[in-house]
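Q: One structure, pasted below without further comment.
The values are calculated or read from the model by the stated rules, or taken from the named source; none is laboratory data. Given the structure is predicted, the values throughout are model-derived calculations rather than measurements. Here the Cβ positions follow ideal geometry from the backbone for every residue, glycine too, while neighbour counts run over all protein chains shown.
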Amino acid sequence: MPRPCPITFGTSGWRGIIADDFTFANVRIAALALAFFLKEKGTQGRGVVVGHDTRFLSEKFADEVVGVLAHEGVACFVCQRPTPTPVIAHEILRRSAAGGVNITASHNPPIYNGLKFSPEWGGPALPETTQRLEVLAQEIYARDPSIPTLDLEEAATKGLVVPVDPSEAYFATLDTFLEVGVIQRANPKVLVDVLHGTGAGHLDRYLTTRGVKVQVRRVNPDPTFDGMAPEPAPEELAETVRIVQEQGFDIALATDGDADRYGIVDRGGTFVLPNVFLGILYHELIAQKGMKGDAARSVATSHFIDAVARLHGQRAIETKVGFKYLGQALWEGKALLAGEESAGLSLKGHVPEKDGILACLLALEAACRNSVPLKSLQESLWLRTGPFYTSRVNLPFEPAKADALRRIIEEEPKELAGVRMASVSRLDGTKWTLEDGSWVLLRPSGTEPVVRMYIEARSEERLRALEAHARELMGALWTSRP
């Protein structure tokens, strides 16, 4: 019986605890599996873009990937500084490369690192790709070979290591999606918080080189991320909210560790939920920028964007959770905007990958064009669509109770909290939609003993009632763990 390989790909690459399962030896195995995969496809001659984030040893892990790929004859276009995931995706497409590798654990806590592989189309790898990579890694792991690498200086002399700075080409593409003059004329007071991640020198530099003054915080690389996860969520942005309130900023823009997710703090210190911003942005794209097309959202994302789509004679496409599915919709031209409640979005014609930098810039542009906080745009839209209130709860449960959990999520109750059931979807987890338009999604995590519970209702009172009912259903599975 072969030993199980620790290299498994989740919704966005392989992640593990540094020095536990994310080690130099295992990174070399993953790199060799990638080389074999590219050779199977016959695309190894097109080269691979390789980058890294600001985490502990990320640059060294990236060097290991380059050494293995170069030994296998695969040229590497190596980013010379910590580089955001969307910038790497853009460089893949610009160079028609065979794919890209980013050493990053994105928004995870600092004890983690990871390896993201983006195939030639620039989006997150689809299951058929990651499954093949896992099989190849297992075969290599079972043999337990000493994986050879090529010295980087020697690889460079052979043309197998090419230093690159992909940021300027990426910035030029951003220019095609933004009306920078709208921002310049408004002269907003902007705070940029990159949480010690790769947004530094990208989000701030794009704005400053285009004449927009910004104040920055947490731009220095820090592998500890102030002891927090580099996630632009309300908890991690509490100090940013305070600064916005006390110093009168018009808006604060934040990105996560690899700048593929965004966080927006409105004038007055209001955190703008991604579920809300997606609806605002979709309306702005159509009503203000004259763009047309459907929207794509994950099954866990608010139906606010569906209501905005109906206002404009468009529709919303629902996908499984994971930006790889949304990216595929963009790549195939099925949607103008694709987004998810976990702060990922991109646009048709751009990279089919989450882009937190573009999201922040579009938020700034919308606020400047309308000369009002984003909260005001939300309120105006809700007058036309009605309100949408959402919550997300992580419910821990004992793994031994997995069968009981399965029975709960396979149920088809006739009603929830006094409202009759309208439909049940099992696209990804179990989603109960009720006759009043509210819904509850129960979706087990693929990486930890947690059930993610997503709820949406048309009033705060109804939201709380549904949340209480869903917690009651799940009560037998609770544990005392936080």
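Q: Exactly one of these conditions fails for Ala295: (1) out of contact with any Asp or Glu (no Cβ under 7 Å at 6 or more places or on another chain); (2) closer than 27 Å to Pro230 by Cα. Give me its number.
A: Of the numbered conditions (1) out of contact with any Asp or Glu (no Cβ under 7 Å at 6 or more places or on another chain); (2) closer than 27 Å to Pro230 by Cα, the odd one out for Ala295 is (2).
Q: Looking at (1) over 25 Å from Asp193 (Cβ atoms); (2) assigned to a helix (DSSP H, G or I); (3) touching a residue at least 24 places away in the same chain (Cβ under 8 Å); (4) assigned by TED's automatic domain parsing to the domain that holds Val214, which is the one condition that is false for Cys368?
A: The single condition Cys368 does not satisfy is (1).
Q: A follow-up question, please. If you take the residues of the stretch 23-46 that are small (Gly, Ala, Ser) and within 25 Å of the chain's Cα centre (by Cα), which of them is surrounded by the most Cβ atoms within 10 Å (Cβ to Cβ)? Reasoning before the result, please.
A: Looking only at the stretch 23-46, we keep the residues that are small (Gly, Ala, Ser), and these are 25, 30-31, 33, 35, 42, 45.
Now restrict to residues that are within 25 Å of the chain's Cα centre (by Cα): 30-31, 33.
Details: Ala30: 29, Ala31: 31, Ala33: 24.
Checked the stretch 23-46; the qualifying residue surrounded by the most Cβ atoms within 10 Å (Cβ to Cβ) is Ala31.
Q: Say we look at the stretch 273-282 and pick out the residues that are farther than 12 Å from Ser342 by Cα and touching a strand residue (DSSP E or B) at 6+ places or on another chain (Cβ under 7 Å); which of these is surrounded by the most Cβ atoms within 10 Å (Cβ to Cβ)? First the steps, then the outcome.
A: Going residue by residue through the stretch 273-282, those that are farther than 12 Å from Ser342 by Cα are 279-282.
This time we only want the ones that are touching a strand residue (DSSP E or B) at 6+ places or on another chain (Cβ under 7 Å), so: 281-282.
On the way: Leu281: 26, Tyr282: 30.
Among those that are farther than 12 Å from Ser342 by Cα and touching a strand residue (DSSP E or B) at 6+ places or on another chain (Cβ under 7 Å), it is Tyr282.
Q: Moving on to the next point. Given the conditions (1) over 23 Å from Val180 (Cα atoms); (2) among the polar types (S, T, N, Q); (3) touching a residue at least 40 places away in the same chain (Cβ under 8 Å), and given that Ser380 satisfies all but one, which numbered condition is not satisfied?
A: Answer for Ser380: the failing condition is (3).
Q: Find the strands (runs of 3 or more DSSP E) located wholly in the stretch 185-273 whose residues include 3 or more that are in contact (Cβ under 8 Å) with a residue 60 or more places away in the chain, and list them. So that I can check it myself, show each step before the final result.
A: Values: elements: 190-193, 214-217, 251-255, 262-266.
Those strands (runs of 3 or more DSSP E) span 190-193, 251-255, 262-266.
Q: Does the stretch 467-480 contain at least one residue that is modelled with pLDDT under 90, more than 23 Å from the chain's Cα centre (by Cα) and of a type in the set (Val, Ile, Thr)?
A: yes
Q: From Leu362, Leu405, Leu395, grab the single residue that is in contact (Cβ under 8 Å) with a residue 24 or more places away in the chain and surrounded by 23 or more Cβ atoms within 10 Å (Cβ to Cβ). Break it down stepwise before answering.
A: Working: Leu405 fails: surrounded by 23 or more Cβ atoms within 10 Å (Cβ to Cβ); Leu395 fails: surrounded by 23 or more Cβ atoms within 10 Å (Cβ to Cβ).
Residue meeting the stated conditions: Leu362.
Q: Just checking, does the stretch 435-443 include any residue being under 24 Å from Ser12 (Cα atoms) and touching a residue at least 40 places away in the same chain (Cβ under 8 Å)?
A: First, pick out the residues of the stretch 435-443 that are under 24 Å from Ser12 (Cα atoms): 441-443.
Adding the requirement that they be touching a residue at least 40 places away in the same chain (Cβ under 8 Å) leaves 441, 443.
Taking every residue of the stretch 435-443 in turn, at least one turns out to be under 24 Å from Ser12 (Cα atoms) and touching a residue at least 40 places away in the same chain (Cβ under 8 Å).
Q: Ok, one more. Looking at Val216, is it modelled with pLDDT of 95 or more, under 25 Å from the mean Cα position of the chain (by Cα) and surrounded by 14 or more Cβ atoms within 10 Å (Cβ to Cβ)?
A: Details: modelled with pLDDT of 95 or more: yes; under 25 Å from the mean Cα position of the chain (by Cα): yes; surrounded by 14 or more Cβ atoms within 10 Å (Cβ to Cβ): yes.
Taking the combined requirement at face value, the residue satisfies it.
Q: Determine if the stretch 268-286 includes at least one residue that is among the β-branched types (Val, Ile, Thr), touching an Asp or Glu at 6+ places or on another chain (Cβ under 8 Å) and in the same structural domain as Glu235 (by TED's automatic domain parsing).
A: First pass over the stretch 268-286, keeping only residues among the β-branched types (Val, Ile, Thr): 270, 272, 276, 280, 286.
Now restrict to residues that are touching an Asp or Glu at 6+ places or on another chain (Cβ under 8 Å): 272.
Those still in the list that are in the same structural domain as Glu235 (by TED's automatic domain parsing) too: 272.
Yes; the residues of the stretch 268-286 include at least one that is among the β-branched types (Val, Ile, Thr), touching an Asp or Glu at 6+ places or on another chain (Cβ under 8 Å) and in the same structural domain as Glu235 (by TED's automatic domain parsing).
Q: From the list Ile251, Ile264, pick out the single residue that is closer than 17 Å to Ile357 by Cβ, of a type in the set (A, V, I, L, M, F, W, C) and over 21 Å from the mean Cα position of the chain (by Cα). Before the answer, list the steps.
A: Values: Ile264 fails: over 21 Å from the mean Cα position of the chain (by Cα).
The unique qualifying residue is Ile251.
Q: Where in the stretch 4-98 are the helices (runs of 4 or more DSSP H), entirely inside, with at least 1 residues that are β-branched (Val, Ile, Thr) and either touching a strand residue (DSSP E or B) at 6+ places or on another chain (Cβ under 6 Å) or not assigned by TED's automatic domain parsing to the domain that holds Val135 (or both)? Walk me through it before giving the result.
A: Working: elements: 24-41, 58-71, 85-95.
Passing ranges, in order: 58-71, 85-95.
Q: Going through Tyr206, Tyr262 one at a time, which residue ends up being closer than 21 Å to Pro166 by Cα, touching a strand residue (DSSP E or B) at 6+ places or on another chain (Cβ under 9 Å) and at pLDDT 95 or above?
A: On the way: Tyr206 fails: touching a strand residue (DSSP E or B) at 6+ places or on another chain (Cβ under 9 Å).
Sole residue among the options that is closer than 21 Å to Pro166 by Cα, touching a strand residue (DSSP E or B) at 6+ places or on another chain (Cβ under 9 Å) and at pLDDT 95 or above: Tyr262.
Q: Let me ask something else about it. Given (1) over 26 Å from the mean Cα position of the chain (by Cα); (2) modelled with pLDDT under 95, identify the lone condition not met by Gly159.
A: Condition not satisfied by Gly159: (2).
Q: Sticking with this one: Being surrounded by fewer than 17 Cβ atoms within 10 Å (Cβ to Cβ), in contact (Cβ under 8 Å) with a residue 60 or more places away in the chain, within 30 Å of Asp204 (Cβ to Cβ) and not hydrophobic (A, V, I, L, M, F, W, C) is the filter here, so list the residues in the stretch 140-172 that pass it.
A: Pro163, Asp165
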